[in-house]
Amino acid sequence: MEKSNNNSIPQVVRINRYLAMAGVCSRRKADELILSGSITINNKVILNLASKVNTETDVVAVGGAKVKLKKNNLYILFNKPKDCITTLKDELGRRTIMQYINLRERVFPVGRLDRNTTGVLLLTNDGDFANNLMHPSGEVLKKYRASLDNTLTNEYKEKLEKGVYLEDGKTSPAKIDIINRTNGKEVLLTIHEGKNRQIHRMFLSLGYEVKKLERVSYAGLTIKGIERGKWRHLTSQEIKNLRKQF
């Protein structure tokens, strides 16, 4: 059991949770950093995923840079534009989310959107919060508006609703609503999974190409009132509502 200090911050935690609490990355990504030899505790490289950190006395570093726990957590709702990379840095010099969100505090995305997918994206420096939202057990709902190259037939609509087979397994059932007056070429699709390029691959498995994709809702949050490329802080009530989902 993890011990806590008087500030309600656990005194002893696993290293991946410490990195998440510090806003460095999610626990899953932290495990990758640990195994790569990038993490030190008190100047000693650690490779054991079960390593513990004393949050009051130990010194943790990532790639030689010291890491400290965040005192103030940030929760941001971003309306992601097209041609924006959902990473903090890009080796090819492409435009990233951090060029839109100018903050001194470091935040990272909760999950990812493809370069050309637009819409709702959450960012935070609260690693535990992000990890819980992204965990498959939470089944957080995500709704997308997809524009297709051809009319979606009832037959294929039913197949998507039951789940289709991809190279990494069968998808969970999806909710599909065909948007009126689009000749069946635009649909609203609701899923709780987050496989890589999942929606593109789902339609491609049935012979369709997704020409345009927008995430219109994530865990009930929408980008209503937020211009493309702009962002705002979540309200305290919105944060509470999200916590209820995990």
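Rounded to the nearest 20, the size of the Cβ-charge dipole of segment 114-246 about its Cα centre is 360 debye, with Lys and Arg at +1 and Asp and Glu at -1. The tail of the calculated P(r) for segment 141-218, taken as Cα-Cα distances beyond 21 Å, holds 15 percent of the pairs.
For segment 38-112 versus segment 126-176, the inter-centroid distance based on Cα atoms is 28 Å. Computed over segment 12-67, the percent of Cα pairs more than 16 Å apart is 26.
Counting neighbouring Cβ atoms within 10 Å and putting the fewest first, the residues 144, 75 line up as 75, 144. So what does the Cα-only Debye profile of segment 61-176 read at q = 0.09, 0.12, 0.16, 0.21 Å⁻¹, as log10 I(q)/I(0), no solvent term? Values returned for q = 0.09, 0.12, 0.16, 0.21 Å⁻¹ are -0.36, -0.61, -0.96, -1.30.
Across segment 105-246, the convex hull enclosing all Cα atoms gives 125 Å³ per residue. Of 230, 66, 80, the residue with the greatest mean-square motion in the GNM of the chain, using alpha carbon springs below 10 Å, is 66. Counting neighbouring beta carbons within 10 Å and listing from fewest to most, the residues 108, 78, 246 come out as 246, 108, 78. If only the Cβ of Lys and Arg carry +1 and only the Cβ of Asp and Glu carry -1, the dipole of segment 12-67 around its Cα centre is close to 120 debye. Taken over segment 52-126, the percentage of Cα pairs per 10 Å bin, counting from 0 up to the bin with the maximum distance, is 17, 42, 27, 13, 1. By the rule of a C-alpha distance below 19 Å, with chain neighbours fewer than 8 residues away ignored, the aspartates and glutamates paired with residue 68 are 2, 31, 56, 58, 105, 126, 128. Among the listed pairs 29/142; 29/212; 224/244; 143/185, those with a Cα-Cα distance over 24 Å are 29/212. Packing order of peptides 120-126, 37-43, 216-222, highest average first: 120-126, 216-222, 37-43 (average count of other Cβ atoms within 10 Å over each peptide's residues). Only helices enter this figure: runs of n ≥ 4 DSSP H residues, each worth -39500 (n - 2.57), summed and divided by the residues of the chain, yield -5000 deg cm²/dmol at 222 nm to the nearest 500. The residues packed around residue 16, meaning those with a beta-carbon under 11 Å from its beta-carbon, carry a net charge of +3 if Lys and Arg are +1 and Asp and Glu are -1. Note on the chain: Cα-Cα pairs beyond 26 Å make up 46% of the total pair count.
Counting 0.36 nm for each residue step from residue 201 to residue 104 and taking away their Cα separation leaves a gain of 31.2 nm. Under a Gaussian network description of the chain, with springs only between Cα atoms under 10 Å, the residue in 128, 168, 58 that fluctuates furthest is 168. Give the dimensionless ratio obtained when the Cα radius of gyration of segment 103-161 is divided by 2.2 N^0.38 Å. For segment 103-161, the normalised Cα radius of gyration comes out at 1.54.
Here segment 141-218 is treated with +1 on each Lys and Arg Cβ and -1 on each Asp and Glu Cβ, and its dipole about the Cα centre works out to around 240 debye.
Bear in mind these aren't lab numbers, they're just calculated from the coordinates by the rules spelled out. The structure displayed is predicted, hence computed values, not measured ones. Every residue, glycine among them, receives a Cβ derived from its backbone with ideal geometry; neighbour counts consider all protein chains shown.
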